[in-house]
1. Cβ-Cβ distance below 7 Å, separation of 6 or more or different chains: which pairs start in the stretch A:101-115 with a residue that is at pLDDT below 95 and of a type in the set (A, V, I, L, M) and end on one that is open to solvent by 10 Å² or more (accessible area, probe 1.4 Å) and part of a loop (DSSP other than H, G, I, E, B)?
2. Return a yes/no flag: does the stretch A:304-317 have any residue that is under 23 Å from A:VAL247 (Cα atoms) and in a strand (DSSP E or B).
3. Out of (1) open to solvent by 10 Å² or more (accessible area, probe 1.4 Å); (2) outside any helix (DSSP H, G or I), what's the single condition that is false for B:ILE111?
4. Residue by residue through the stretch B:357-371, note down the ones that are free of Cβ contacts under 8 Å to residues at least 24 places away in the same chain and open to solvent by less than 70 Å² (accessible area, probe 1.4 Å).
5. Within the stretch A:177-205, which residues are in a loop (DSSP other than H, G, I, E, B), among the hydrophobic types (A, V, I, L, M, F, W, C) and farther than 17 Å from A:SER292 by Cα?
6. Go through the stretch A:78-100 and count every residue that is open to solvent by less than 20 Å² (accessible area, probe 1.4 Å), more than 14 Å from every other protein chain (Cβ to nearest Cβ) and in contact (Cβ under 8 Å) with a residue 60 or more places away in the chain.
7. Across the stretch A:273-300, which residue is most open to solvent (accessible area, probe 1.4 Å) among those that are part of a helix (DSSP H, G or I) and polar (S, T, N, Q)?
8. With A:ALA70, A:ALA75 as the choices, which residue is aliphatic (A, V, I, L, M), in contact (Cβ under 8 Å) with a residue 40 or more places away in the chain and touching a Gly at 6+ places or on another chain (Cβ under 9 Å)?
Protein chains: 2
Amino acid sequence: MRRNILVAQSGGPTAAINATLSGILREAMKSDKIDKVYGGISGIAGILEGKIIRLDSQIGGEEDLELLAATPAMALSSCRYKLPMPEVAPDVYRQLTTLFDRLEIGAFFYIGGNDSMDTVNKLNTYFKRAEEDIRIVGCPKTIDNDLACTDHTPGFGSAAKYVATSLAEVYADSLVYGRPMALVVEIMGRDAGWLTASSGLVHMTGLPAPHFILLPEAPLEIEPFLRQVKEGIERDTVVMVAMSEGVRLSDGSYLQSEEGNSVDAFGHVALSGAGKNLEQLIKRRLGCKTRSIELSLLQRSASHYASATDIEEAVRVGEGAVALALEGQTGVMAAIRRVSNDPYRSEIEPVPIEKAANAVRHFPLEWLNSETGTLTREGIEYFLPLIRGEAKHFTQNSLPRHFRFDREELV
Amino acid sequence: MRRNILVAQSGGPTAAINATLSGILREAMKSDKIDKVYGGISGIAGILEGKIIRLDSQIGGEEDLELLAATPAMALSSCRYKLPMPEVAPDVYRQLTTLFDRLEIGAFFYIGGNDSMDTVNKLNTYFKRAEEDIRIVGCPKTIDNDLACTDHTPGFGSAAKYVATSLAEVYADSLVYGRPMALVVEIMGRDAGWLTASSGLVHMTGLPAPHFILLPEAPLEIEPFLRQVKEGIERDTVVMVAMSEGVRLSDGSYLQSEEGNSVDAFGHVALSGAGKNLEQLIKRRLGCKTRSIELSLLQRSASHYASATDIEEAVRVGEGAVALALEGQTGVMAAIRRVSNDPYRSEIEPVPIEKAANAVRHFPLEWLNSETGTLTREGIEYFLPLIRGEAKHFTQNSLPRHFRFDREELV
């Protein structure tokens, strides 16, 4: 394998994506087979524009690696660029080949979600056919937890920890006036409801909330739902509805408002306002006080309360990805395999990228009792280890301290 | 002084109001002059309905006191009931006198904001005139930090810590696509902008955000604002606007939508949607991508990341209030006096309640550079100690653990 490697990030931010980058850097800097670690700014789109910087020379030591692992958002920025097929745009692949030759890149690591794994798959197919020894390894991340072939995805556990903690806190807050109310909390998740479903853990704190967990996987039947909200308010005064942004009605339409929606490069509709709309529907129909809270960017960037399990695994995914490339593997995703729940243990294993790319893994509805908003034992055992522990975070003057790469000097 | 005391909570929740309750309980349980500690459920309104429970018998020891201090929302619930003047409703005061006689209450502690201090003032005036030896002490709390005669209010520091931390995290998140955007964050504060202004601390993390800090104290001039947003986007790609919910335009109108607004018992308009409205205005006028985030209940209930300084001071306010009553003081608020900034030290001191009640303390605009969204040295030195340190919080299975009183048995 050539001696340099390249890494980039893509898709949406999570509290753990930089932890995987940190793991890649740590493993690469330890190995005598790897010389330079380059970083592509703004994913594969930025790489095609030549936005590449040297990373390893900017890491002063272990504290920098830990600080990077505790930094939210994406230290290398992102893109939502869909790599065309080689048949359609051969020049794009030729450009990448030239670039990889010039920088003597032996392995490329792409940290991202479903769409990023599609990019990994295409690159791997192309380089294999071209008989280039460039190893392509995908590193999963997404708060949606909807990637196939991995027990869960880095970033999910931290988001779930934030969601469960915040919901317990705001439900306690909503009770103080003893006034009947419906409290709607909108949680990210366009097509998969894992994150919203994890809010079922709040019941373990002794609260009756959330009363409803509405997921993209299960169409919402408005009339029975409103009846049950009314009953819930009579019983518990405040009813909490945890809903995914992508909840659909039984006729297939989304709950979000049409206004201002846009479609991204992958054809996904950008949703907004689902919680607000459900809030207004409940208010109009039941006449009770309602409130909606959108967890928005807060839920995926809350590094101040990230899950220790999540950050530690995200680092291991990065380390494992480098180890796989050094072993000669390519066209694989460094997936997480759950070994045991008690004590919780997991391993990093390679899975063929063509199996992981573009598949969406849905939440198993049988883990949820939709009448009570509670998880089955299987669901609890799945979620609980993933939010465990508080990851180290760094502060200065009690304000967040984050790692930043200097991006001035392109290579 | 008679041997029992009564305590209740009023107004909006904060992460620190139960810490003051914990301080009252600790000091009262230590004193051989105090026997029973009663709690009124739902403030003075609940007390008038006879909703009173015994508190001290439910505290098992120091861990319960610490757990209570780390519990968000209000362990005794709240009300927004405005006590009428004795001339208007003498029966209300007679009812309270009878109740206090029956329970042998020697001192009443009311933890709350401006409106609660109004209640303390009225009760004190009445009992003094009636020559009843019932000592009335107010304990300040409000995330708005707008109470007069105290350097700051318990609850404010924790909310400010959450706001500054979250804004730094979401700004980092908003940068990842390198796409021009205006990011509006709506922060609580109807009439006073302290909490929104504290977001100026984010500049100390090295970020250029927030670019704008819009406060109720300064009317918003739309045209220059939009021009500056445009310039900010050209310079920094993502412009962050931190705005109080109570921001007014220069014609005196609020930015929030009219729809759904209601007026509470104190004549305050309940605002909503100011951030959304500003988001839409920017989008319409500048045509750029915009997003708004409302910190909603999250900002006042985030006990998982409360300020150690805040929680510790809130406990001392409670302890100090009991000490004041035991000294024979009445008609006072247990205020916080800042002794020094470096090292930060504060003391609890009594201030006459008639001076504190119903006055609103505004943020001094001269502490803010509105062109850059930065605080002056004086502003930084005021805010910084208040967010310092991470308060202890309790978890079980990595989920929040909160204290709850059993409210079944009324006295």
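The values are calculated or read from the model by the stated rules, or taken from the named source; none is laboratory data. Note that the coordinates shown come from a computational prediction; the quantities given were computed from them, not determined experimentally. Glycine also receives a Cβ, built like all others from the backbone with ideal geometry; neighbour counts cover every protein chain displayed. Protein only, heavy atoms only, side chains kept; ligands, DNA and RNA dropped before computing areas. Shrake-Rupley method; radii C 1.70, N 1.55, O 1.52, S 1.80 Å.
1. Filtered contacts from the stretch A:101-115: no entries.
2. Taking the stretch A:304-317 and keeping what is under 23 Å from A:VAL247 (Cα atoms), we get none.
Within the stretch A:304-317 (the criterion being under 23 Å from A:VAL247 (Cα atoms) and in a strand (DSSP E or B)), the answer is no, since none of the residues qualifies.
3. Just one mismatch for B:ILE111, condition (1).
4. B:PRO364, B:ASN369, listed by residue number.
5. Taking the stretch A:177-205 and keeping what is in a loop (DSSP other than H, G, I, E, B), we get A:177-180, A:188-193.
From what is left, the residues that are among the hydrophobic types (A, V, I, L, M, F, W, C) are A:188, A:192.
Passing the criteria: only A:ALA192.
6. 1
7. From the stretch A:273-300, those part of a helix (DSSP H, G or I) are A:274-286, A:298-300; that's our starting set.
If we keep only those that are polar (S, T, N, Q) too, we end up with A:277, A:280, A:299.
Working: A:ASN277: 45, A:GLN280: 62, A:GLN299: 4 Å².
By that ranking, first place goes to A:GLN280.
8. Details: A:ALA70 fails: touching a Gly at 6+ places or on another chain (Cβ under 9 Å).
The match here is A:ALA75.
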